[in-house]
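To start, I am sharing the structure in question, which I have written as structure tokens.
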Amino acid sequence: MWGYGLLSITTISLASLFAIAVIPFMGRSCYKKLMSFLVALAVGTLAGDALLHLIPHVSSFLSFLLADL
């Protein structure tokens, strides 16, 4: 079990290092498109994470409001 975990983490880490090493050698237009995509992915991920963290707070607040009715 430890071997499979270590192998999977190593594979994922090496894939990301390979991607980081290849990106600077891309063409200018492909580089711009890729960076735009990665920025959009980062913004979407952060916004989604923030919304998922706020759902429990909103649901407890709504249950507090509905309890007063």
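Could you tell me whether any residue of segment 27-41 is among the polar types (S, T, N, Q), without any contact (Cβ under 8 Å) to a residue 60 or more places away in the chain and surrounded by 10 or more Cβ atoms within 10 Å (Cβ to Cβ)?
Yes, segment 27-41 contains at least one residue that is among the polar types (S, T, N, Q), without any contact (Cβ under 8 Å) to a residue 60 or more places away in the chain and surrounded by 10 or more Cβ atoms within 10 Å (Cβ to Cβ).
Within segment 42-69, work out how many residues are under 30 Å from Ile23 (Cβ atoms) and surrounded by 10 or more Cβ atoms within 10 Å (Cβ to Cβ).
9
None of the figures in this text is laboratory data; all of them are computed from the coordinates on show. All values reported here derive from a predicted model rather than from experimental measurement. So basically every Cβ, Gly included, is an ideal-geometry build from the backbone, and we count neighbours across all protein chains shown.
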